[in-house]
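Asks: Mind having a look at this structure? Questions to follow.
The values are calculated or read from the model by the stated rules, or taken from the named source; none is laboratory data. Not measured: the values here are computed from a predicted model. In this analysis, Cβ positions are derived from the backbone assuming ideal geometry, glycine residues included, and neighbour counts consider all displayed protein chains.
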Amino acid sequence: MADTAKSVKKKIVLTGGGTAGHVTPNIALLPSLRKEGYDIYYIGSLNGIEKKLMEDCGVPYLGIETGKLRRYFDPKNFSDPFRVMKGYRQAKKFLREYRPDVLFSKGGFVSVPVVRAAASLKIPCIIHESDMTPGLANRLCIPVAKKVCCNFPETLGCLPTDKAVLTGTPIREELLQGNREKGLAFCGFDDSKPVLLVIGGSLGASSVNRTVRDNLDALLRDFQIIHICGKDKVDNLKLTIPGYRQFEFVKDELKDLFAAADIVISRAGANAICELLALRKPAILVPLPAASSRGDQILNARSFGKQGYSMVVSDDELPDKICDAVKELYGKRQTYIDAMAKSSQMNATPIIMKLIGEAAGK
């Protein structure tokens, strides 16, 4: 009888969505979850980015009604609470039938009805907060969570002491397996000059794109440039410039492009900078301005700058500073690499898997 009970698969439900940043850490956990023998299901929005990403990973998916949690006036604020309640009922019905042993949430507005439904059924919930200060969705989930994982030492002070665990962000294993030679060949580059990788997130970063292109001649004197500029943001007039390659989006070859890069210019989204930390890539972080966000990227970048992992240049300073900043970063790159090598925030997957196992009773 004991052997039969032992052989029963543990079940886990993953949730999170709205942006790729709320999904990729879940994707990074999949190989470890499968290796441990978990039966995996994903709950997300009906048509969010998480649906396609999870289907590509072969994970069974349930789409539920969701409503965005806004801190500003919008007519949808009157209807979205009803959609959230419907999503809560849909999630609860599925969870009651599927009966997972544990739920892991990466945040985003879709996660709120799922986490609250799981908690109402006494299913242990582990949630992950990427940014330095918890977003609204996670603030609504923290009271019912068993553990709250986070990326930054500073975040520990914002969380209940008995729940907070500094883990870092799970990194997709394939990103650590890049090949520099393949990356150079993919771009038609060689070893004659170092490589600058510019990456602005899944939607690109217009101000960063514009600044790089305005200073292209000066930057190309010393660097070859890989520019991942976002959907519909390729500059067709610059397609044939030697030493400059543009991509809207890169999937399979991204690991090789990271391997080819000597230094990076990046926005300061939490998942992006944690990937740079894991890869030990010296970077200039250009956080999204407070006027365009809740200011989380500014705090993220400030923390990495304070820990010596990255340089930080504000969005409005970038046009005047880009050339000098790139040269300075390249000249001091080993200092940043050495600081990142000492980080304790790069062991996320084993720590989170241990928390999941404990919650699931493994």
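Asks: Go through segment 160-200 and report how many residues are surrounded by 20 or more Cβ atoms within 10 Å (Cβ to Cβ) and farther than 21 Å from Ile228 by Cβ.
Replies: 3
Asks: Does Thr155 meet the test of being part of a helix (DSSP H, G or I), touching a residue at least 12 places away in the same chain (Cβ under 8 Å) and among the hydroxyl-bearing types (Ser, Thr, Tyr)? Walk me through how you get there before you give the answer.
Replies: On the way: part of a helix (DSSP H, G or I): yes; touching a residue at least 12 places away in the same chain (Cβ under 8 Å): yes; among the hydroxyl-bearing types (Ser, Thr, Tyr): yes.
Yes, satisfied.
Asks: Right, here's the next one. Are any residues in segment 330-362 assigned to a loop (DSSP other than H, G, I, E, B) and within 18 Å of Arg34 (Cβ to Cβ), and if so, which ones?
Replies: Listed by number, the list holds a single entry, Lys362.
Asks: Oh, and also: Considering only residues that are aliphatic (A, V, I, L, M) and in a helix (DSSP H, G or I), which ones fall in segment 283-314?
Replies: The answer is Ala290, Ala291, Ile298, Leu299, Ala301.
Asks: Report, by residue number, each residue of segment 119-140 that is of a type outside the set (Lys, Arg) and more than 19 Å from the chain's Cα centre (by Cα).
Replies: Ala119, Ser120, Leu121, Ile123, Pro124, Cys125, Leu140
Asks: Run down Pro143, Pro160, Pro113, Pro124 and say which single residue is modelled with pLDDT of 90 or more, farther than 26 Å from Gly305 by Cβ, touching a Phe, Trp or Tyr at 6+ places or on another chain (Cβ under 7 Å) and not basic (Lys, Arg). I'd like the intermediate steps shown before the answer.
Replies: Working: Pro143 fails: touching a Phe, Trp or Tyr at 6+ places or on another chain (Cβ under 7 Å); Pro160 fails: touching a Phe, Trp or Tyr at 6+ places or on another chain (Cβ under 7 Å); Pro124 fails: touching a Phe, Trp or Tyr at 6+ places or on another chain (Cβ under 7 Å).
Testing whether each residue is modelled with pLDDT of 90 or more, farther than 26 Å from Gly305 by Cβ, touching a Phe, Trp or Tyr at 6+ places or on another chain (Cβ under 7 Å) and not basic (Lys, Arg) leaves just Pro113.
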